[in-house]
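Participant: Here you go, one structure.
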Amino acid sequence: MPSPLELQAEEFRKAGIPIKKGIRKLSDNDKNETPWVVAESVWLQRWAKHACQNYPIVSRSLGVRYLADSCRGIPVFVVGIGPSLDDNIQDLKLAQNRAIIIATDASLRPLLAKGIKPHITINFDCQKDQKTMWEDTPTEGLLLIASSCTHPDTIDAWKGPILFYNQWHDKDVFIHKLLPYIYPHIGQIPSSGTVGNMGIILARIMGCSPIYTVGMDLCYQKNENGWIYRCKDYKHVLDEIGVRNWTVTKNNVLYDNDIRVKRSFEEEIGGQTYRTDPELKLYREGLLGIFDAMQLKIQDCSINGVLKHYFNNTTVNEAIMESCREDLQGGRTILFHVEHCIPNGKLIWKEDSKNGSNY
């Protein structure tokens, strides 16, 4: 029976990725054994497989490195899916021509449903079901920042241009030894536990300042139906006369609120009691970890969230008055011209395939 190493190497060969003899030695501590941690974790196996499957696209596409320092000194709103987004999303609409808006993958639909077109949507999760977030969503002309390990179906479901990045984990051999070898040109973003934190790091990479967080509650809020950890979700559906409209929906495959509530618990932060869960606590710890390391300038606009105990707290309206008084000029950032200057890797691959190119 083939070893995990041999099986993984075969996936690379099928994708057309060159394999060197020395690739077996993945760390300086490797002596007689081959530490293929890729085979020891279900997630690492998925990441490795998707990285191979995406090779024909990612190897020929531009990466997040293309955006480095592209928005120097421009304010940015990084939008998560905390319950408070329902209360301040209308205010955020006033910022869309005065600041960069970075949407996490799950916040894209609520934003579009309220008439807000984000400049960037960032995706991290490699599940196949991630594609359900935008299969019927009008993503034409919208920019996606996707991991090189994203599920191929998720990439295929996106209709606009895509830039890719290598995710970074300091302890995963596959991540910090192999991904940079496979895709040395696209650049990296540390995961820090969640896509919201990665959106903040992306803003830092782009040179944006200040960084405002919206819908980054990192705790539950209570409504008439009980505890909820996320804002309303929406779906773009056809009505009876064939016109598409936004309607409230639930995607329990990805975001089952009842399951999350069952493992939630109370935690005291800054003298106040909040309801949180293991994931939200991990996200908070990840954000605080990168805050000092990257010298981030963060102001939190989330209502009744936990971040007010760690960062300056303000409202979206106050943030706009403070930093976003003038409309952005297109010449200050390439994002206004992104649909013209960034090729869509999927389309390049499909067109080349029709012409007989072999990758």
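Participant: Hey, any hits in region 267-284 for a residue that's hydroxyl-bearing (Ser, Thr, Tyr), within 17 Å of ALA203 (Cβ to Cβ) and in contact (Cβ under 8 Å) with a residue 12 or more places away in the chain? Give the steps one after another, and end with the answer.
Facilitator: If we filter region 267-284 for residues that are hydroxyl-bearing (Ser, Thr, Tyr), which is where we start, we get 273-274, 276, 283.
With within 17 Å of ALA203 (Cβ to Cβ) added as a condition, the list becomes 283.
From what's left, in contact (Cβ under 8 Å) with a residue 12 or more places away in the chain: 283.
Yes: region 267-284 contains one or more residues that are hydroxyl-bearing (Ser, Thr, Tyr), within 17 Å of ALA203 (Cβ to Cβ) and in contact (Cβ under 8 Å) with a residue 12 or more places away in the chain.
Participant: Now for a different question. Can you tell me which of LEU112, LEU142 is at pLDDT 95 or above, over 12 Å from the mean Cα position of the chain (by Cα) and either crowded, with 24+ Cβ neighbours inside 10 Å or not small (Gly, Ala, Ser) (or both)? Quick ask: steps written out before the conclusion?
Facilitator: On the way: LEU142 fails: at pLDDT 95 or above.
Answer to the selection: LEU112.
Participant: Here's something else I'd like to know. What pairs come out if I take residues in region 134-145 that are within 20 Å of ASN245 (Cβ to Cβ) and pair them with residues that are of a type in the set (Asp, Glu) and not in a loop (DSSP other than H, G, I, E, B) whose C-beta lies under 9 Å away, six or more apart or interchain?
Facilitator: Listed by first residue and then by second, the contacts come to TRP134/ASP105; GLU140/GLU339; GLY141/GLU339; LEU142/GLU339.
Participant: It is to be established whether one or more residues within region 315-334 are at pLDDT below 90 and under 30 Å from ASN54 (Cβ atoms). Before the answer, list the steps.
Facilitator: As a first pass, look at region 315-334 and keep what is at pLDDT below 90: 324-334.
Filter once more, keeping what is under 30 Å from ASN54 (Cβ atoms): 333-334.
Scanning region 315-334, I find at least one residue that is at pLDDT below 90 and under 30 Å from ASN54 (Cβ atoms), so the answer is yes.
Participant: Would you mind stating whether ILE241 is β-branched (Val, Ile, Thr) and not in a helix (DSSP H, G or I)? Before you say what the answer is, go through the steps one by one.
Facilitator: Details: β-branched (Val, Ile, Thr): yes; not in a helix (DSSP H, G or I): yes.
So ILE241 passes the test.
Participant: Which residues, taken from region 316-333, are surrounded by 14 or more Cβ atoms within 10 Å (Cβ to Cβ) and either free of Cβ contacts under 8 Å to residues at least 60 places away in the same chain or β-branched (Val, Ile, Thr) (or both)?
Facilitator: Those that are surrounded by 14 or more Cβ atoms within 10 Å (Cβ to Cβ) and either free of Cβ contacts under 8 Å to residues at least 60 places away in the same chain or β-branched (Val, Ile, Thr) (or both): VAL316, GLU318, ILE320, THR333.
Participant: For TRP43, indicate whether it is modelled with pLDDT under 90, crowded, with 20+ Cβ neighbours inside 10 Å, over 30 Å from ALA319 (Cβ atoms) and among the hydrophobic types (A, V, I, L, M, F, W, C). Steps first, answer last, please.
Facilitator: On the way: modelled with pLDDT under 90: yes; crowded, with 20+ Cβ neighbours inside 10 Å: no; over 30 Å from ALA319 (Cβ atoms): yes; among the hydrophobic types (A, V, I, L, M, F, W, C): yes.
Spelling it out, it is not the case that TRP43 is modelled with pLDDT under 90, crowded, with 20+ Cβ neighbours inside 10 Å, over 30 Å from ALA319 (Cβ atoms) and among the hydrophobic types (A, V, I, L, M, F, W, C).
Participant: Within region 214-225, is even one residue over 14 Å from PRO83 (Cα atoms), surrounded by 24 or more Cβ atoms within 10 Å (Cβ to Cβ) and in contact with a Lys or Arg (Cβ under 9 Å, 6 or more places away or on another chain)?
Facilitator: Our first condition is that a residue be over 14 Å from PRO83 (Cα atoms); within region 214-225, this holds for none.
No: zero hits.
Participant: List the number of the failed condition for CYS208; all other conditions in (1) closer than 30 Å to VAL261 by Cα; (2) modelled with pLDDT under 95; (3) buried (at least 24 other Cβ atoms within 10 Å of the Cβ); (4) not acidic (Asp, Glu) hold.
Facilitator: Going through the list (1) closer than 30 Å to VAL261 by Cα; (2) modelled with pLDDT under 95; (3) buried (at least 24 other Cβ atoms within 10 Å of the Cβ); (4) not acidic (Asp, Glu), CYS208 breaks only (1).
Participant: What is the number of the single condition among (1) buried (at least 19 other Cβ atoms within 10 Å of the Cβ); (2) in contact (Cβ under 8 Å) with a residue 40 or more places away in the chain; (3) not acidic (Asp, Glu) that ARG98 does not meet?
Facilitator: (1)
Participant: Check LEU254 against each of (1) more than 21 Å from PHE124 (Cα to Cα); (2) outside any strand (DSSP E or B); (3) hydrophobic (A, V, I, L, M, F, W, C) and name the one condition it does not meet.
Facilitator: Answer for LEU254: the failing condition is (1).
Participant: Another question, then. Quick check on my filter: what residues within region 200-253 are closer than 22 Å to ASP129 by Cα, free of Cβ contacts under 8 Å to residues at least 24 places away in the same chain and of a type in the set (S, T, N, Q)?
Facilitator: Here is the first cut: in region 200-253, the residues closer than 22 Å to ASP129 by Cα are 228-238, 246-253.
With the extra rule that they be free of Cβ contacts under 8 Å to residues at least 24 places away in the same chain, the set shrinks to 238, 247-250, 252.
Correct list: THR247, THR249, ASN252.
Rundown of residues vs (1) surrounded by 13 or more Cβ atoms within 10 Å (Cβ to Cβ); (2) modelled with pLDDT of 55 or more; (3) under 23 Å from GLN167 (Cβ atoms), yes/no style:
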residue	(1), (2), (3)
SER27	no, no, yes
LYS31	no, no, no
TRP36	yes, no, yes
ARG65	yes, yes, yes
ARG72	no, yes, no
VAL76	yes, yes, yes
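Participant: Another question about this same structure. So LEU218 ticks every box in (1) part of a loop (DSSP other than H, G, I, E, B); (2) closer than 28 Å to LEU62 by Cα; (3) among the aliphatic types (A, V, I, L, M) but one. Which box is left unticked?
Facilitator: Only one criterion in (1) part of a loop (DSSP other than H, G, I, E, B); (2) closer than 28 Å to LEU62 by Cα; (3) among the aliphatic types (A, V, I, L, M) is unmet by LEU218, namely (2).
Participant: Moving on to the next point. Considering only strands (runs of 3 or more DSSP E) fully contained in region 94-187, which possess at least 1 residues that are more than 21 Å from ILE81 (Cα to Cα) and touching a helix residue (DSSP H, G or I) at 6+ places or on another chain (Cβ under 9 Å)?
Facilitator: Details: elements: 100-104, 120-122, 143-147, 162-168.
Here the list reads 162-168.
The values are calculated or read from the model by the stated rules, or taken from the named source; none is laboratory data. Worth saying up front: this structure is predicted, and the values here are computed from it rather than measured. When we count neighbours, we look across all protein chains shown, and the Cβ atoms used for this are built from the backbone with ideal geometry, even at glycine.
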